[in-house]
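Comments concern the structure below.
None of the figures in this text is laboratory data; all of them are computed from the coordinates on show. This one's a predicted model, so the numbers in the text were calculated from it and none came from an experiment. No Cβ is skipped: glycine too gets one built from the backbone with ideal geometry, and neighbour counts run over all protein chains shown.
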Amino acid sequence: MFHRESGVFKTSYAADMALYPLPIAKWAVAAFAGLFIVIAPLALGEYYISILNLVLIACVGALGLNILVGYTGQISIGHGAFMSVGAYTAANLVVHLHAPFWITIPAGGIMAALIGAVVGIPSLRIKGIYLAIATLAAQLIIEWTINHVPAISGGVQASIQVPRPTLFGTPLKTQGQLYLFLMAFVVLAIVGTANLIRSRIGRAFIAIRDQDIAAEIIGINIFRYKLWAFAISSFYAGVTGVLYTYYLGIANYEQFQLTVSIDYLAMVIIGGLGSILGSIFGAIFVTLLPILTRWFLEDYGWLLFSGQDLQNAIPNLRLILFGCLIIFFLVVEPDGLNRLWRNIRNYFRVWPFSY
Amino acid sequence: MRHVWGVGLATAAGATMALCLAGTAVAQQKEVVIGGMCDRTGPTQVNGAGICPGIQDYFDLVNSKGGVEGYKIKYMEIDHEYKVPPAVEAYQREKGEGATSILVYGSPQVQALNKKLEEDKIPGTSPGFGIAASADGKRFPYLFPVAATYWSQGAAAVQFVKDKLGGDLKGKKIAYLFYDNPAGREPIPVIEDLQKIEGFELRTFAVPPPAVEMGAQILDIAQRYKPDFVIDHLFGSGPGVAIKELKRNGYPLSKVVALVWASGEHDIIGGGGWPVAEGYHTMSFAGVGDDYPVRQEIRDMYKKAGKEPPKAMADTVMYNRGILWAALHTEATRNAIKAKGGQQPTGEDVKKGFEQIQDFSLGGLVPPLKVTSADHEGGGYVQIFQVKGGKFLKVTEWFRAYPEVVAAAIKKAE
Amino acid sequence: MPEFEWQFTLVLLTNGIMIGLMYSLIALGFVLIYKATDAINFAQGEFVMFAGFIAAGAAEIAGAPFWLTALIAIGGMIGLGFGLERVVLRPMIGRPVIAVVMATIGLAAVLRGTATMAFGAGTKVIVLPVPDEPLDLGFVTLPPIQLLGAGVSLVFLAGFTWFFLRSRVGIAMRAVADSQQVSMAMGINVQRYFALAWAMAGVVSALGGVIWGAMLAVDNQLALVGLKVFPVVILGGLDSIAGAVIGGLIVGIVENLAAGYFDPYVGGGTKDFVPYLLMILVLMIRPEGIFGRRRIERV
């Protein structure tokens, strides 16, 4: 009934390579856009919009990391550090030069991309887990540098206050305004990633992931493309960092430490390596998990614990649940939430028939 | 006679019943929401383990006595594991529930929420941590340190060292051992200012996070630099390790004074126990020990409910800080309600309520604070204790040090 | 340039050697698992922390003497090792590296939460019957607890080296690490040896937990000691026990010298990342570490 491909015939190469080759895909995207861009900010209360804002920021970061980890196959535990590079670049630009957001966001991204390329240099010689640990080293070194160089960090406190972004003169203050602001960047990120994957560079990334020696043999300069992967992924991370800064009103390196890098890694793995929808699923899942567990435990925890014990238990149970869910997803569904979604979608392709 | 007795009794009974009914009816409707963040997990969980129950218990105590000016306190506690995004989400949630004041836990969180608190006009407190410059009520109208900030603590430590070394610091050597993050570095500018004024030699020793390993720094202090006094500003498990290492390297603990987050019972225990830590000086912005009427009241409250008092009460340092924190919020709310003639207070009212706090000592647990709209710190009072014979012995009364230097630092921070 | 004080440098060196050997003890657990099962264990620090909690908890609850708590910790960690291998690692056999890494990261979170929930958030102490007063050798002073730690470390490192070279079980484990299929063809029960490897890592973590816990303190921060494992094993080679020793010594010495001589000039904190800088340099020159085996990639 939902057999999507029936009746659709492509007559040109461009049509075949289009982002949304099927009419139903176009309708679905339009519906989602309408729902999330128009209806959600009007219908939901401020608290829920603020949660969505956190999810949106995480989406951009997860997309970036997925480009590096999912599409190019390089493990990186340094995502948080690149975010802090972007954040502090933007914050310094705002404070010293009063730059508007349409300069600071790209600038933060580019700075992070440069540092990312430098971090990617060891990938010339080292691979796999060794490269992962090299990125871990980068995370720690960048953290230390920002902590100890007052010119970057803005003083002993290592935090820089940043005023709200202004659009045509009005500052964006309410959660709803920030929501639309962030949504614009998420849309850009998604479209950018989708087009990147379809392009020559994206195909080179996938080749490197699948069989890098074979890729080198057929003439792909894998070192150059690995550097591109690091740079592009770090660009996304830098933009995420700047968005965080604008959302919170402050740039503080303590928000971008190792635990954050691990969180983003969890997002792309749980969501599904090598897929855009997977990054978004992962971002939603990992961001909402602590919030949902807390809601659940607050409502039903009294069944198991009493008063103070409950307060003690909630955060610990959340940590345990986080770890268990990661392990669960890795064991049961290694391709992540994205695979679950595809299974559901494939089921409905031929529904109500079974094949 | 009996006639009068009977009538009197009946009237009394009737009045009590009427009051009870009126009381319950009103109590069920009148509620003040106070939002809090307290970490029972994460890098500072050793502190939260004592502070969070202290806060809860004090609010329960107030509610058990009928609330604050007739309003029951609804306290929301959310743990954010010392991370910022969950803290922001927690704040949004508490704001959505109508919180009129927030207990903000963690210096990075104070930084992150400063702007939001200002935009939403809700006061936030950060006793003993946070942004030291937030003592300036004009620049940070909605942030209230309400206890000695890191600058006041640093100044107090230097004052104490000066007193201990015979009143003169010229030519003496002081080592500043600290946790290498912004909160750990915060006292440095004030201590350096004091170095210029008092003429002592200062060297700083940074211990990188997580501060469980500081062999080289302690070796340097104990065997190479050999200072006359050590100021210890570590937190988490750092202080305990420092005590052990200093002892192992033969440096006398009686030449060490710790700032407020290196001064808890868990630090002594982590350092190897009371006998090992003999002589160690600690600093606190809340009274230490069990000898306060409010602690007995909390114990009675538990006894009346037929329960044992919580294990956390054994911790007299952090638990008491929790009590102080909650008590200051209660007092501010009380001031707000009274100023509004019994009406439901808003965040703005509670902010003004904070700025009226003075002469509130809770049996000696709270220092003689005087919070005004210009001074959100209340004076920066601390007390020094020393580990002797298995417990904390009070060495000084409440004092504040070098207020002019601290004020100059606040002004310079513009 | 900082003045080169001989006395101080000697002190730093000895401290570095002792701490380095303790790092080697933790790295040993990591190497055991990697050598036998090819799995990268990001939860090594949490193992040590959990073991410390078990020992401290046993002492607190049952008032057991220290040797009994050490035994309980060892027993507990063996059980944990077996259990984890069964539940978490067996389904991950054959999966890409990143999946196993993430699984151990998830495991780390679970262990942290469970430890705090089961044993409480306060700091615990482990008391070993070792004098606190440092041993004065004239030109250096040695804290006895570090001597104990270094000694235990050396004993275990020697023991495991012999184990892998000479004993039947050890050789079987090396065979399993080399090629699971061939080992199975030779009749070796691969799964049993996987479990054994994890259990042995558990034992090593237990000892590490007890000693580190006695040296520092037992609380959730103890797990961060585990991060130090990476420079050690990368320098020494992921699958080499001798590498764990040498790597540990190098990291310990470099850390201490850096902290002693660089810190005053850059405001501190060099101790944390200097080993990583060194590690990156070594990686660029010799990717498999000093003693590691060169991995031949086959297309």
Zero-based 10 Å bins, Cα pair distances in segment C:1-97, whole percents: 13, 32, 26, 18, 9, 2
Other chains' Cβ within 10 Å of C:270-280 residues: what's the mean? 6
Residue exposure sequence - A:Thr89, C:Thr9, A:Thr193, C:Thr114 - by fewest surrounding Cβ within 10 Å: C:Thr9, C:Thr114, A:Thr193, A:Thr89
Placing unit charges on C-beta atoms (Lys and Arg positive, Asp and Glu negative, everything else neutral), compute the dipole magnitude of chain B about its Cα centre in debye, rounded to 20. 520 debye
Go through A:58-65, B:238-245, B:400-407 and give me the packing order, highest mean Cβ count within 10 Å leading. A:58-65, B:238-245, B:400-407
Taking just the C-alpha trace of the protein assembly as shown, give me its Rg and Dmax in Å. 29.9, 115
Counting sequence-distant residues (5 or more places) and residues on other chains, those with an amide H built under 5 Å from that of B:Val256 are B:Val230, B:His281
Amide H to amide H, which residues 5 or more places from B:Gly70 or on other chains are under 5 Å from it, using H placed in the peptide plane? none
Given the pairs B:Lys95/B:Lys303; B:Lys65/B:Lys304; B:Lys83/B:Lys255, which are separated by over 24 angstrom at their Cα positions? B:Lys95/B:Lys303; B:Lys83/B:Lys255
Please report the projected area of segment A:39-349's Cα convex hull averaged over all directions, in nm². 19.0 nm²
Taking amide H positions as placed in the peptide plane 1.01 Å from N, state which residues far from B:Leu393 in sequence (5 or more) or on other chains have amide H under 5 Å from it. B:Gln386, B:Val387, B:Lys388
If you plug each phi of segment A:317-330 into the Karplus form 6.51 cos²θ - 1.76 cosθ + 1.60 with θ = phi - 60°, what whole-Hz ³J(HN,Hα) values come out, in order, with x for Gly and Pro? 4, 4, 5, 5, 5, 4, x, 4, 5, 4, 5, 4, 5, 5
Placing +1 on the Cβ of each Lys and Arg and -1 on the Cβ of each Asp and Glu in segment B:329-409, which of B:Gly363, B:His376, B:Asn335 has its Cα farthest towards the positive end of the resulting dipole? B:Gly363
Restricting segment B:32-83 to trypsin sites (Lys or Arg not before Pro) in coil, as DSSP defines it, with at most 16 other Cβ within 10 Å: B:Lys65
What are the DSSP H helices in chain C that stretch 18 Å or more along their long axis, judged by alpha-carbon atoms, and whose average Kyte-Doolittle hydropathy comes to at least 0.5? C:6-37, C:44-62, C:66-84, C:97-119, C:144-166, C:190-215, C:241-261, C:270-285
In this structure, the FRET efficiency calculated for A:Ser6 and A:Ala214 from their beta-carbon separation, with R0 = 56 Å, to the nearest 0.05, is 0.95
Please compare each pair in B:Lys226/B:Lys370; B:Lys196/C:Lys228; B:Lys30/B:Lys116; B:Lys30/B:Lys352 to a cut-off of 32 Å on the Cα-Cα distance and tell me which ones are over it. B:Lys226/B:Lys370; B:Lys196/C:Lys228
Name the chymotrypsin sites (Phe, Trp or Tyr not before Pro) in segment C:181-284 that are in a loop by DSSP and that have at most 16 other C-beta atoms within 10 Å, would you? C:Phe262
Can you give the calculated 222 nm mean residue ellipticity of chain B, where each DSSP H run of n ≥ 4 adds -39,500 (n - 2.57) and the sum is split over every residue, rounded to the nearest 500 deg cm²/dmol? -13500 deg cm²/dmol
Semi-axis lengths (Å, descending) of the ellipsoid that matches the C-alpha gyration tensor of chain C: 31, 25, 18
Given the rule -39500 (n - 2.57) for each run of at least 4 DSSP H residues, summed and divided by the residues of chain A, what is its mean residue ellipticity at 222 nm, to the nearest 500 deg cm²/dmol? -23500 deg cm²/dmol
